[in-house]
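Read-outs throughout are calculated quantities, based only on the coordinates presented, and are distinct from any laboratory measurement. All figures in this text were calculated on a predicted structure; none of them were measured in a lab. Please note: Cβ atoms are built from the backbone with ideal geometry, for glycine as well, and neighbour counts cover all protein chains shown.
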Amino acid sequence: MKRTIISSALIMVLLSLSIQVFSQEITGLNKAEQVYEQLNNLEPLKSKTADVSNYTFFKDSAEAVLKNGKIYFLTEVGERIIAALFIGEGSFSTTPPTEIERERVYSEFKTRELNVNFDQLFIFATDNTLADMINTLDIKDDPECPSFSKEIYNAKKYFSDVNTKSYAPQFFGAVLNESDFFYLHLNPEKTNDKPIFYIFDSLSREEVVIGVKDLKYSQISIVCSYHKIEDYFAISDFSKEAQDMVQIDKYSIEVNIDNRLNFSARCQIDLQLKMGKSSWIPFYINDRMKIESIKSENEEPLNFFKSKSDSFIWIEVPDEYLAEGKEIIVNYAGDLILQGGSVVTLREHNHWYPVYNTYVRRNYDITFNHPVSYTMVTVGQKVSETEDKVTKIRTSRWVPDYPVNNAPINMGKFKTEVFKDRRIPVLSLNLSKNIPNSKADVANSISFYQNTFGKSVYEPLTVAEIPRFLAGEAYPGLINFYTDEFITNPYYNVQWDIIVSDKDFSQLRAHEVAHQWWGCAVAYHDYHDVWLSEGLAEFSSIWFLQFSSKNKKEYFDYLKQWKHSISETYKGYKRENKTAPPIWLGTRTPASIYYKKSAWIFHMLRNFMMNIETFDDSAFTEMLKDYYETYKNSYATTEDFKLIVEKHTNSSMTWFFDQWVYGNEIPKFDFSYKITLNDEGNYVANIEIKQQEVSDEFISYIPIEIDFGNNQKYYFRAKVKGAGTKFDVNLPYKAKYITFNVFDSVLSKD
């Protein structure tokens, strides 16, 4: 590596800023370094203060009124004033444009129209908000201006890590790229209330976020998130909005791991700039990676920045990258590899290279140079492998013949076994030991899923072992699940541990295999649609167990277990005087909702579509086959899936999706019946179903079993709307039992 001669004065500047900046040639601070220094040293400008009375400003759905007080503008960042602190009386109001988000506001604040008085307001805005204030207000000098160091520190800790001094990418990027960004952080008058945040980011898919201070951590906890108001009038399908700053076509990566397990890599990124001007692009990477150089395809150094212990590299991509086929080359190294006992693993499986937007699929070409005693595994096919007998270094090249959204790697002293069966794709198993039933679980679940959903798009399928604290992972063509063999050393602190029983190993493996269909082949579009991936994988895993196990009760045992988990989550929200979020909010919900409740939804769909007389669920199976064939090698949204369901039910399913996907209600049932004789002397079942804790429009279709004995049973569905229903059923003769909600067909609280 070429060494750089830096002046002692500049060294002192860099040290005083506590940053690590690596560059081929440094003739002065680049823009990112300047912005970083200025953000670290925000303070009031004594020449820029103003008394304020009834000053009103707006941003999208929000209105803020500075009723009476004083505003202090802070020092320039990027040659602009972008921050200010108001002390005094003020009010803030906003109303989300959608019912789902209004309900989330109500859950947090007990009002759907947020209107809060505050006594302190911090403003961070890269738009014209502060410039308009300065032009409108009577700006004065204030020689006695306080430093407000505590207030500024408290404000900054919500969008930066005050220990490492790294900034949230949307804040830092907005200043660098001069994009439209607006942030309010207000302290309500009632001192016991949490600080409230309002964010508008023009580059986010959902531009507006309202949040509160997290009780455990000094960071924003999202209350609601939605598109800018004008979008609701102009765009019918928000899922198709594209906000990426660059288009990445391919990653070509060469990894070098020497016999001492030192890691370094060269990553070539083929990309095209989409913003129409030179832009600073954030790439996520493990914070232990040290950047040695970043160059253009012509070997010209590019400006970049990475603060100490930060997980983002900021690269200035010049205007010429508006053309297609341009390359950026990143050379880096770091402490990536861990050794626990005789087992080796990685600190980071996913972000070991510069990653931009993991929702989007790209092409990969990865070469590993590593000690022959270890095996490297990643996505795709191993197209070549050689060994150097002198250096004891093995070189393997992996090239997926399909685009993937991420390229995780795994490393270990694996025993590789290739398993071939004409009924399923070729399996490559990479395990440190023989894990009981692992090959059978994987092979049999693949066979079941292929027969049920359709042929896998990936071959071969690679299976690899990972440390237990990662549980299970799935990527296109790659299935990872853990064993209990990893022994941590004193230098690695595992923050949590995951215990899975032997019985649950089969379900875990079947879940990760199911992701080859749901999540990999059919990808979800954004966080709203993650329930389609995790819910279907979770449901498919117990469906496979029901199909393959001698113990058919196991399927319903899992449903019962998940029902309890969902119930406890709802009780937790209730104890906090809140309502649980709907599954459409995806990763904004607890895992018990977007995993377990989502799986229950597919179970309910299966039972709803089942022929109640013959128990044939082929309609449900055909629906999933159609969904898979329609969207494999593509992305699907919740509405896409809804259309497929409606096609196969030949009816509107709006009521179902409104209740179970976009809604958060779960009914509580009370069932009772009497067997009576009518005036003609015939038996009649007088049935009453009470449906509680749901709205008047809530609908349930409940399967009911009438058992006459001697293996004679009659099944039918009862429609229940709102508070409940009463009805009579004429019987041919006296029934022994009547069972309600057979097959646990509808999720309930009882």
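Summary table
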read-out: Cβ-derived FRET efficiency at R0 35 Å, residue 329 paired with residue 419, nearest 0.05; value: 0.35
read-out: Cα-only Debye scattering, the chain: base-10 log of I(q)/I(0) at q = 0.11 Å⁻¹; value: -1.33
read-out: Gain in span if fully extended, residue 91 to residue 614, counting 0.36 nm per residue against the direct Cα distance; value: 182.0 nm
read-out: Computed lengthening from residue 692 to residue 132, 0.36 nm per intervening residue step minus Cα-Cα distance; value: 196.3 nm
read-out: Calculated FRET efficiency for the pair residue 634/residue 261, C-beta based, R₀ 25 Å, to 0.05; value: 0.05
read-out: Percentage relative contact order, the chain, counting C-alpha pairs under 8 Å, at least six apart; value: 7
read-out: Residues 677, 42, 643, 203, sorted so that the one with the fewest Cβ neighbours within 10 Å comes first; value: 677, 643, 203, 42
read-out: Convex hull (Cα only) mean projected area of region 287-361, reported in nm² to one decimal; value: 6.7
read-out: Positive-end extreme of charge dipole, the chain - chosen from 654, 212, 447 (charges on Cβ); value: 447
read-out: Reachable aspartates and glutamates, given that their alpha-carbon falls under 15 Å from the alpha-carbon of residue 150 and they are not under 8 places away in the same chain; value: 43
read-out: Computed lengthening from residue 684 to residue 725, 0.36 nm per intervening residue step minus Cα-Cα distance; value: 13.1 nm
read-out: Distance (nanometres) between label positions extended 7 Å along Cα→Cβ at residue 649 and residue 675; value: 3.4
read-out: Rg/Rh for region 612-711, where both radii come from Cα atoms and Rh is the Kirkwood radius; value: 1.11
read-out: Which of 398, 518 has the fewest Cβ neighbours within 10 Å, and the rest in rising order; value: 398, 518
read-out: Theoretical FRET efficiency, 1/(1+(r/R0)^6), r = Cβ-Cβ of residue 626 and residue 320, R0 41 Å, to 0.05; value: 0.35
read-out: Coordinate range along principal axes, alpha carbons of region 668-744, Å, largest first; value: 38, 29, 15
read-out: Residue among 174, 325, 612 farthest towards the positive dipole end of the chain, charges placed on Cβ; value: 612
read-out: Helix-derived mean residue ellipticity, 222 nm - over the chain, DSSP H n ≥ 4, -39500 (n - 2.57), to 500; value: -7000 deg cm²/dmol
read-out: Paired Rg and Dmax values of region 68-156, which use every Cα atom, in angstrom; value: 15.9, 49
read-out: Long pairs among 59/140; 156/290; 415/455; 250/382; 552/632, criterion Cα-Cα beyond 19 Å; value: 59/140; 156/290; 415/455; 552/632
read-out: Shape call, region 244-413: gyration tensor on alpha carbons, a/c limit 1.5; value: prolate
read-out: Residues of region 687-722 with amide N under 13 Å of a point placed 7 Å along Cα→Cβ from residue 749; value: 691-695
read-out: Charge dipole magnitude, Cβ of K and R +1, D and E -1 - the chain, Cα centre, debye nearest 20; value: 2360
read-out: Label point distance in nm, residue 295-residue 80, each placed 7 Å from Cα along Cα→Cβ; value: 3.5
read-out: Mean projection area, nm², convex hull over Cα of region 498-591; value: 6.8
read-out: Cα-centred dipole magnitude for region 589-691, charges only on beta-carbon of K, R (+1) and D, E (-1), debye, nearest 20; value: 480
read-out: Shape category assigned to region 522-660 from the gyration tensor of Cα positions, a/c cut at 1.5; value: oblate
read-out: Residues 145, 267 arranged by fewest to most Cβ contacts within 10 Å; value: 145, 267
read-out: Modelled label reach - residue 229, point 7 Å along Cα→Cβ, region 53-73 residues with backbone N closer than 19 Å; value: 55-66
